[in-house]
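The values are calculated or read from the model by the stated rules, or taken from the named source; none is laboratory data. Treat the numbers as computed from the prediction; the structure is a model and nothing was measured. All Cβ positions, glycine included, derive from the backbone under ideal geometry; neighbour counts span all protein chains shown. These area figures cover heavy atoms from the full protein model, side chains too; ligands, DNA and RNA do not enter into them. Shrake-Rupley method; radii C 1.70, N 1.55, O 1.52, S 1.80 Å.
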Amino acid sequence: MSSFDQIVQLIADDLSAVEAKLTENTASEYSFVDMAVQHVVEGGGKRLRPILVVLSAKVCGYEGKDAHTLAAVVELIHVASLVHDDVLDEAAIRRGRETLHAKWGNKVAVLVGDYLHARVLSMLVARRADDPAMAILADTTQAMCEGEVIHAYKSGDFDIAEAEYLKIISFKTGKLITASCTLGAHLGTTDPQQIEALTIYGQQIGTAFQIVDDVLDFTENPDKLGKNAFGDLREGKLTFPIIYARSVCNDDEKQMLEKVLNPNTDETEAIAFVESLFQRYAVEVHCLTVAQHYADRAKTALAILPQTDACLALQQLADYVVSRDS
Ligand code: FPP
Ligand code: MG
C-alpha cells in the first residue's frame, strides 16, 4: 500500500464524514443545478486539502467534527477554483471527467463556481462569527484570484523570472493549501508556534505541489492524471519547467522554445522539441529536486509538533506531494 493510501486509511472515518458534508451542503432542490454541482463535487480528486485540515487538527490535539466542515469548505473553494480555472485554461478533462464548461458551457461553469462560493459562505456563517476561518478564507480566496489574474496577465511574457513565478504559485495554489493547515491548527490549539509551524508546512508543500503539477503536465500519462497532458504547453503557458529550461538553454533553443509555445505551432513538433530540451538539460530532475527542497523545509517545520501518527502522516504527505504521479 502506498504511503498516501496508508494516510487515507488512517483517517478513513474522517474522510467519509467530509464526503457526507460535501454532499449534504451542496445539494440543490433544482435538479439541473444539483446535477451540474454534483458533477464536480463528486468528481473525486485526491482530497489533499481536506486531508491537510484533518491531520493538522489532529496533530494539534483536535478530534471533533468541525474539522469535517472546514475540510469540506476548503475542498469546495478548491473545486470552485478548478471549475473556473478550466474555463480560463479551456481544459476538456478534469479528475477523469469532462469539465463542466465542456459539458454545459462557460455560463453554467462560471455560475456553478459562484454557487459553490455561496455555499462556502453559508457554511462559514453557520459556524461561529468570531472564528478566524472567516478572515483566513477571505484572504485566501482573494490571493487565489490575484494569483490567477497575474498569471493570466503574464501569459506570453517569456521573460517571467523564476522568483516571480514562485510568487504566483504561492498565491494561486499555495494559499489554499496553507489555509487548510492553518485552519486545522486553529481547531486544536491557540499556541502561535504550532500554528506558525503548520502554516510554514502548508506554504512549503503548496509550492512543491504546484512545481510537481507543472512537471506532470509534461511527463505523466493523461489517464493517471485525470486531465489532458501537455495542457500548459498547448496553451503557451509558462510554468516552472519551461522557465527553468529557458534559463539554461542556448539562444537558438530559446528562440525555438518561444516558437513552440505559440498555440499555432504544430502540436507534435512542439511536444518533440520540448521533450528533447527537457532531456538535454535534465529539466525534470531539476524541478523535482527543487520541489523536494520545499518538501524538506515543510518537514523541518513539523519538528516542534508532538510526534504523533498525524505528524508522521504529514511528513509522509510532504514526500508524497513530490513523488506522486497524479
Ligand atoms: C490550477 O492551476 C488552478 C489553481 C490552483 C487556482 C485557480 C484559481 C482561480 C481560478 C481564481 C478563482 C478562485 C476561486 C476561489 C473561485 P493549473 O491550471 O496550473 O493546474 P491544472 O493543471 O490542474 O489545471
Ligand atoms: Mg488549469
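Tabulated data for the structure shown
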| item | result |
| --- | --- |
| Å² of accessible area per residue within the chain, as computed with a 1.4 Å probe and no ligands counted | 44 Å² |
| Region 145-280 - percent of accessible surface contributed by carbon and sulfur, probe 1.4 Å | 49 percent |
| Separation of the ALA118 and GLU146 label points, Cα + 7 Å toward Cβ, nm | 2.8 nm |
| LYS65/GLU164 FRET efficiency (R0 51 Å; Cβ-Cβ; nearest 0.05) | 0.80 |
| Mean separation of Cα contacts under 8 Å (6+ apart) over length of the chain, as relative contact order % | 21 percent |
| Chain lengthening between LYS103 and VAL125 when straightened (0.36 nm per residue, less Cα-Cα) | 4.7 nm |
| Evaluated at q = 0.16, 0.26, 0.30, 0.33 Å⁻¹: base-10 log I(q)/I(0), Debye formula over Cα of region 118-161 | -0.56, -0.90, -1.02, -1.09 |
| Percent of Cα pairs exceeding the 24 Å cut-off, where the set is region 165-265 | 39 percent |
| Accessible surface ranking that places the most exposed of CYS145, CYS249 first, with a 1.4 angstrom probe | CYS145, CYS249 |
| Kirkwood Rh in Å, taken over all unlike Cα pairs in the chain | 20.3 Å |
| Alpha carbon centroid spacing (whole Å) that separates region 87-138 from region 44-71 | 19 Å |
| Helical contribution to [θ] at 222 nm, DSSP H n ≥ 4, -39,500 (n - 2.57), averaged over the chain, rounded to 500 | -24000 deg cm²/dmol |
| Net charge of Cβ neighbours under 13 Å - reference THR207; Lys, Arg +1; Asp, Glu -1 | 0 |
| Estimated D of region 66-129 in µm² per second, where Rh is the Kirkwood radius over Cα pairs and Stokes-Einstein applies at 4 °C, 1.567 mPa s | 105 µm²/s |
| Hydrodynamic radius of region 148-220 per Kirkwood, over alpha carbon pairs, in Å | 13.4 Å |
